[in-house]
Every structure is written in C-alpha cells, then in structure tokens.
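Shown next, in structure tokens, is the structure this report addresses.
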Amino acid sequence: MPMDDTIELGSDTDSDIQARWDPSDWIGRGLAYPANDTPAVVLAGRRLALAIPSRYEGLLPHPELSIDAFLEAHLPTQRSGLVSSTSMELFSKDAPNEDLAKIVHRPIPPSRVLKTLQQTFGQAWFDGARSVVDPYYKRSRLPLYAVSYWLELDRAIVKRAEWEACDQWLQKKSYPGSRHG
C-alpha cells in the first residue's frame, strides 16, 4: 500500500474551538497568559472577548467607502496628551457601566495607550478584567471590545491622514487628468 504524502491536520473549525472555550478554565485562576504558543482555544476566547458586536458596526467607517467618502467621514479626534495610568489600571474587574454608543463622540486614547492596552490585554483578561477604563473618564468602564473599537478607529485615523497627505500632494502637483488637475 503506497504511503500518502498528505498530513491530516485537525479538522476543528473555529466554531468547534470556540465551543470548547470555557472561561472558568483560564480566567481568574492566577495563570500567566501564554503569549508564546497560545492554545487555539485561548485565541478563540480572546477573539470572542474583543469582538465588536454587529450592532456597533455602524460606528466604524465602512471598509468599502470610496476615498472621497472616507475623507469626509466623521471620525473622532485622538488625544495626544499623557496618560498617567499604568497599564493594569486601564482594566477593571468590575462590569462595564457604559457601551460604545455612549462614547462615540469622545476622543479616543493616544496610539501609545492603545498599543499598551493591546499588549497587556491578555494578562489583564486572564486576571479577571471584565472592562476597560477610559483613561480620560475614570468612572467610565467599557466592555473589553472597546479596545478593538479604539484600535480600528486609530487605524482609520492613520489611514485618513495618509490619504489626506496624498490628496494635498496631488493638489500641489495638479497633474492633467487627476481629479485635481
């Protein structure tokens, strides 16, 4: 019998893995977040914790917007000031007391703070964090997926700045045939 050259990888789908996620096995048990070689079930749980509910999709710029519409879309401002909170003070074991709809008109935290939130999320979540504290509204505890919301807005703000710089360059050059020429 000839040997088959194919290797059978696990047939688990993402939904199978998510179904096996049991927070009581990992959260609040004094474990260190496995940043290297993270088990698939933990990654699935993390995705669930950070997933922005579909009811809030309208709060983010639609990925298929035209460039003109994207440049005109309302995006919140982004603070650039210092935040004195430590990374662990940005998470709380208390339940959220606000949702994304409540903060849509607030400035988002600086990129540096968002990077810290992203880097420290795993351990804070493993330690039992149930909400993220808005660094400028200390009594505002948001669902953990606010981290994803802020990161998406941060990316959109950066992308829009890049497009605006390109648009300004084109306006200066005013090449024939361009939309500015």
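The values are calculated or read from the model by the stated rules, or taken from the named source; none is laboratory data. Bear in mind the structure is a predicted one, so any value in this text is a computation, not a measurement. Quick reminder, even Gly has a Cβ in these numbers, built from the backbone with ideal geometry, and neighbours come from all protein chains shown. Ligands, DNA and RNA are excluded from the accessible area calculation, which covers all protein heavy atoms including side chains. Shrake-Rupley method; radii C 1.70, N 1.55, O 1.52, S 1.80 Å.
So Ser87 fits all but one of (1) at pLDDT 95 or above; (2) open to solvent by less than 50 Å² (accessible area, probe 1.4 Å); (3) touching a Ser or Thr at 6+ places or on another chain (Cβ under 7 Å); what number is the exception?
Unmet condition: (1).
Among the residues of the range 138-153, how many are more than 12 Å from Ile103 (Cα to Cα) and part of a loop (DSSP other than H, G, I, E, B)? Break it down into steps so the answer makes sense when it comes.
Filtering the range 138-153 down to residues more than 12 Å from Ile103 (Cα to Cα) leaves 138-139, 144-145, 147-148, 151-153.
Subset that is part of a loop (DSSP other than H, G, I, E, B): 138-139, 144-145.
Residues that pass the stated criteria total 4.
Working only within the range 132-153, note down all residues that are within 9 Å of the chain's Cα centre (by Cα), open to solvent by 10 Å² or more (accessible area, probe 1.4 Å) and either over 25 Å from Arg55 (Cα atoms) or modelled with pLDDT of 95 or more (or both).
Hits for the range 132-153 are Tyr145, Ser148, Leu151.
Looking at Ala156, Ala129, Ala124, can you tell me which residue is open to solvent by less than 70 Å² (accessible area, probe 1.4 Å), assigned to a loop (DSSP other than H, G, I, E, B) and modelled with pLDDT of 85 or more? Steps first, answer last, please.
Working: Ala156 fails: assigned to a loop (DSSP other than H, G, I, E, B); Ala124 fails: assigned to a loop (DSSP other than H, G, I, E, B).
The conditions single out Ala129.
How do the pairs read when you match residues in the range 164-181 that are of a type outside the set (Ser, Thr, Tyr) with residues anywhere that are in a helix (DSSP H, G or I) and modelled with pLDDT of 75 or more, using Cβ under 7 Å and keeping only pairs 6 or more apart or on different chains?
Glu164/Leu71; Asp167/Leu71; His180/Leu170; His180/Gln171
Condition check ((1) of a type in the set (Phe, Trp, Tyr); (2) at pLDDT below 90) across all residues:
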{"position": "Trp21", "(1), (2)": "yes, no"}
{"position": "Ala44", "(1), (2)": "no, no"}
{"position": "Ile67", "(1), (2)": "no, yes"}
{"position": "Phe91", "(1), (2)": "yes, no"}
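Which residues, counting only those in the range 92-104, are open to solvent by 40 Å² or more (accessible area, probe 1.4 Å), assigned to a loop (DSSP other than H, G, I, E, B) and closer than 13 Å to Tyr149 by Cα?
Correct list: Asp99 only.
Taking the criterion of being within 19 Å of the chain's Cα centre (by Cα) and modelled with pLDDT of 85 or more, would at least one residue in the range 24-31 satisfy it? Explain how you work it out, then say what you get.
Quick first cut of the range 24-31, residues within 19 Å of the chain's Cα centre (by Cα) only: none.
The answer is no, given that none of the residues of the range 24-31 is within 19 Å of the chain's Cα centre (by Cα) and modelled with pLDDT of 85 or more.
Looking only at residues in the range 27-63 that are hydrophobic (A, V, I, L, M, F, W, C) and open to solvent by 60 Å² or more (accessible area, probe 1.4 Å), which one is nearest to Leu117 (Cα to Cα)? Steps first, answer last, please.
Restricting attention to the range 27-63, the residues satisfying the condition of being hydrophobic (A, V, I, L, M, F, W, C) are 27, 31-32, 35, 40-44, 48-52, 59-60.
Checking which are open to solvent by 60 Å² or more (accessible area, probe 1.4 Å) leaves us with 31-32, 35, 43, 48.
Details: Leu31: 19, Ala32: 17, Ala35: 14, Leu43: 17, Leu48: 17 Å.
Ranking the candidates gives Ala35 first.
For the range 64-80, what are the residues that are hydrophobic (A, V, I, L, M, F, W, C) and surrounded by 12 or more Cβ atoms within 10 Å (Cβ to Cβ)?
Within the range 64-80, Leu65, Ile67, Phe70, Leu71, Ala73, Leu75 qualify.
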